[in-house]
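Take a look at the structure set out below.
The values are calculated or read from the model by the stated rules, or taken from the named source; none is laboratory data. A quick note: this is a predicted structure, and the numbers were derived from the prediction, not measured. Cβ placement follows ideal geometry from the backbone for every residue including glycine, while neighbour counts extend to all protein chains displayed. All accessible areas refer to the heavy atoms of the entire protein, side chains included, with ligands and DNA or RNA removed. Shrake-Rupley method; radii C 1.70, N 1.55, O 1.52, S 1.80 Å.
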Amino acid sequence: MSRALPLVAPMSGRRRRALSVVLGTAMSLSVVAPIAFVPVDVAQAAGAPSPELTKEMAERTLYGDTTDVTLTMKNTGAEGYNTSFRDVLPKNTSLVSADPAPTRTLKVSGKTVLIWENVADAIPGASVSISYTFEHETGSYGIGSVLKNSASVYVSANARAVPDFDPDNGESTGDYDGSASVTETTQLVPFILTKSEPNAEAELLRGVHDHQTVYTLEVQNNYVVNTTGLRIDDWLPSGLEFLECGTVDNTTVDHDATTAGVADEYPGSGAINASGAVSPGNCRTPSAVDTQQTDPDGAGGVDPDVYTKVSWDNAALGGVTLSPGQLFTLTYVAAIPLRRNVEFTSSPGTSGEQSANLDNNTGTLTKDEELLVNYALATGTARNASYQDDDTFEIVAEDISVHKTTSGTLEQGTSRTWTLLVESSEYTTASGPVTIVDTVPDGLSVTSGDYSSASENGDGSWKVTWNLGSVSAPSGSRTLSYVTTTDTAYTTRGGGGPVASMDAVTNSVVLSAPSATVITANDGTASSLSLPDASSGSLAAGGIEIDKAVAGPTSVTGPGSCGTSSWITEIADDYTVG
């Protein structure tokens with residue numbers, strides 16, 4: 001997560017600052033100069049600051065691992081100053097690192113109190129964040145223990161008042177006008193299961209032959225004790241076909257009924273493992289595969305439906321025992337078929353015959369833009385107790401898709417190339433005319449590309465259009481591109497202010513194929529369907545870098561001379577890291 005650092009160095013509560021720094025465009029500044037402080041009256045905004053505090057902390061922490069925390073304050077009220085944070089770690093835990101570092105760390109009744117004084121000012125709508133990492137003592141906590149910590153934020157309406165904290169216990173003692181608190185917990189667990197799939201934007205083209213993908217299941221063990229008896233179960237929704245390791249085809253039924261003895265999904269499709277097949281590493285033959293009507297997670301968020309339940313018992317996983325810190329990886333192949341799975345009427349066995357088997361793919365058609373959710377569960381034993389962890393992964397079925405990519409940062413005067421990849425599914429036999437409209441935001445100017453037209457709008461945005469006759473299909477692709485240059489200033493955003501540090505821009509693209517031809521029956525019959533898709537891409541500017549130094553005493557003669565006064569040295573004491 002990116003974080004806006006304070007532009008003015010914090011000062012102690014005993015001294016009040018009369019210095020403001022306003023920086024616009026993204027650049028690195030180096031300032032080395034004597035600084036004179038002149039007492040001035042600072043006007044206060046009407047009303048009081050109203051901070052909202054959120055804490056990002058994982059619900060689960062591996063036993064023996066560290067826990068990352070981010071505190072973010074957003075000011076929803078009037079002008080705020082001298083934002084200060086306080087967080088209390090539970091007993092038998094300790095701070096590992098922090099950005100920025102706390103200004104004070106106290107031990108109170110066995111707990112660690114962290115205080116960040118005067119981190120930054122908070123204009124209305126602005127956010128201020130700090131991050132830290134802490135660790136727990138495994139001799140004091142066991143697997144299953146819950147760690148709770150509570151944080152608070154304090155903001156003053158007076159630029160000259162810094163929130164105060166008791167020097168002995170860290171409790172807030174005043175000098176603030178708005179505050180908020182939040183408490184979060186994390187549970188210490190023996191292992192964590194994570195499920196992933198590599199397709200961009202979690203979109204998968206339909207096609208059990210041409211668009212197979214690899215799902216990865218990772219089990220990360222804790223850092224203290226072994227986990228034994230590991231078992232993994234995975235439930236694939238009816239719109240996904242489990243293809244094991246991508247090397248088998250157990251289909252026996254000729255779905256298109258045109259060529260005797262050939263188990264085609266549609267005329268000419270061939271075997272599942274004949275084309276476009278993938279063969280991943282870390283793939284293991286499951287101990288059981290069964291298509292069933294079930295609710296995988298009970299009262300959880302995954303809906304009841306027909307699922308292909310795939311199980312790997314410990315023997316199928318090679319009898320693995322997870323040692324402290326070990327990462328175990330399991331993969332398999334899946335794809336989106338033309339029709340959904342239904343329960344077998346005369347089931348083959350569950351020892352693997354239902355893998356890569358289209359005999360039961362007689363349900364309704366899978367659809368473009370359909371959300372497919374599968375659920376996985378890992379079970380294991382640590383310290384003689386059984387534990388479970390689960391994960392879900394959602395993917396969207398596509399018949400035609402567009403994905404936008406770029407690289408680099410948002411920087412005045414620099415050029416960036418944006419690439420659009422347009423692809424069609426195995427079941428899209430013709431895409432028909434395709435129109436793509438890309439809206440480039442204010443702050444970027446389109447300078448070149450292979451588009452049909454590009455024009456600037458009155459608000460500084462651009463409309464870029466491609467009128468494509470067709471995208472080669474089925475399973476075709478086409479790459480488009482254009483170049484933008486970052487402007488020095490916006491046309492309307494921020495009142496026409498400069499493109500500045502920490503800014504970000506996002507441009508969106510919409511694809512329309514109103515008369516695509518898509519297979520809608522196993523005999524190859526196709527229908528004309530309207531296929532939409534959308535994507536987006538972003539550029540972000542970096543933060544400001546400041547090098548600041550205060551000159552030491554110097555001898556100056558003449559009118560207005562400071563001479564050898566020690567005021568510069570005294571003030572320099574109040575400028576610290578951060």
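Answer yes if at least one residue in segment 165-176 is of a type in the set (D, E, K, R) and buried (at least 22 other Cβ atoms within 10 Å of the Cβ), and no otherwise. Quick ask: steps written out before the conclusion?
Restricting attention to segment 165-176, the residues satisfying the condition of being of a type in the set (D, E, K, R) are 166, 168, 171, 175.
Applying the additional criterion that residues be buried (at least 22 other Cβ atoms within 10 Å of the Cβ) yields none.
Looking through segment 165-176, none of the residues is of a type in the set (D, E, K, R) and buried (at least 22 other Cβ atoms within 10 Å of the Cβ).
Considering only residues that are of a type in the set (Val, Ile, Thr), closer than 17 Å to Leu230 by Cβ and open to solvent by less than 50 Å² (accessible area, probe 1.4 Å), which ones fall in segment 298-331? Steps first, please.
Residues of segment 298-331 that are of a type in the set (Val, Ile, Thr), as a first pass: 302, 306, 308, 310, 320-321, 329, 331.
In the following step, the residues that additionally are closer than 17 Å to Leu230 by Cβ were identified as 310, 320-321, 329, 331.
Val310, Val320, Thr329, Thr331, listed by residue number.
For Ala257, are the conditions met, namely being of a type in the set (A, V, I, L, M, F, W, C), touching a Leu at 6+ places or on another chain (Cβ under 8 Å) and at pLDDT below 95?
The answer is no for Ala257.
Condition test on Ser181, is it open to solvent by 50 Å² or more (accessible area, probe 1.4 Å), modelled with pLDDT of 95 or more, of a type in the set (Ser, Thr, Tyr) and not in a loop (DSSP other than H, G, I, E, B)?
For Ser181, the condition - open to solvent by 50 Å² or more (accessible area, probe 1.4 Å), modelled with pLDDT of 95 or more, of a type in the set (Ser, Thr, Tyr) and not in a loop (DSSP other than H, G, I, E, B) - is met.
Test Pro324 against the stated conditions and say whether it is within 28 Å of the chain's Cα centre (by Cα), in contact (Cβ under 8 Å) with a residue 12 or more places away in the chain and farther than 22 Å from Val248 by Cβ.
Spelling it out, Pro324 is indeed within 28 Å of the chain's Cα centre (by Cα), in contact (Cβ under 8 Å) with a residue 12 or more places away in the chain and farther than 22 Å from Val248 by Cβ.
Residue pairs, Cβ under 6 Å, 6 or more apart or interchain, first in segment 189-203 and within 26 Å of Gly144 (Cβ to Cβ), second open to solvent by less than 20 Å² (accessible area, probe 1.4 Å) and β-branched (Val, Ile, Thr). List them.
Pairs that qualify, where the first residue is within 26 Å of Gly144 (Cβ to Cβ) and the partner is open to solvent by less than 20 Å² (accessible area, probe 1.4 Å) and β-branched (Val, Ile, Thr), are Pro190/Thr227; Phe191/Val219; Phe191/Thr227; Leu193/Val219.
Looking only at residues that are open to solvent by less than 30 Å² (accessible area, probe 1.4 Å) and not β-branched (Val, Ile, Thr) in segment 212-234, which one is nearest to Tyr427 (Cα to Cα)?
Step by step, filter segment 212-234, then rank; the result is Gln212.
Would you confirm whether any residue within segment 105-120 is open to solvent by less than 50 Å² (accessible area, probe 1.4 Å) and under 30 Å from Ser386 (Cβ atoms)?
No, because not a single residue in segment 105-120 is open to solvent by less than 50 Å² (accessible area, probe 1.4 Å) and under 30 Å from Ser386 (Cβ atoms).
Just wondering, is there one or more residues in segment 257-273 that are touching a Pro at 6+ places or on another chain (Cβ under 8 Å) and either surrounded by 14 or more Cβ atoms within 10 Å (Cβ to Cβ) or not in a loop (DSSP other than H, G, I, E, B) (or both)?
yes
Hey, does segment 345-355 have a residue that's open to solvent by 30 Å² or more (accessible area, probe 1.4 Å) and outside any loop (DSSP other than H, G, I, E, B)?
No, the conditions are met nowhere in segment 345-355.
What are the residue pairs meeting all of these: first residue in segment 521-536, first residue touching a residue at least 12 places away in the same chain (Cβ under 8 Å), second residue outside any strand (DSSP E or B) and among the acidic types (Asp, Glu), Cβ atoms under 6 Å, and 6 or more apart or on different chains?
Listed by first residue and then by second, the contacts come to Asn522/Asp256; Asp523/Asp256; Leu531/Asp368; Leu531/Asp399.
Assuming Leu188 fulfils every condition listed in (1) surrounded by 16 or more Cβ atoms within 10 Å (Cβ to Cβ); (2) over 28 Å from the mean Cα position of the chain (by Cα) apart from one, which condition is it?
(2)
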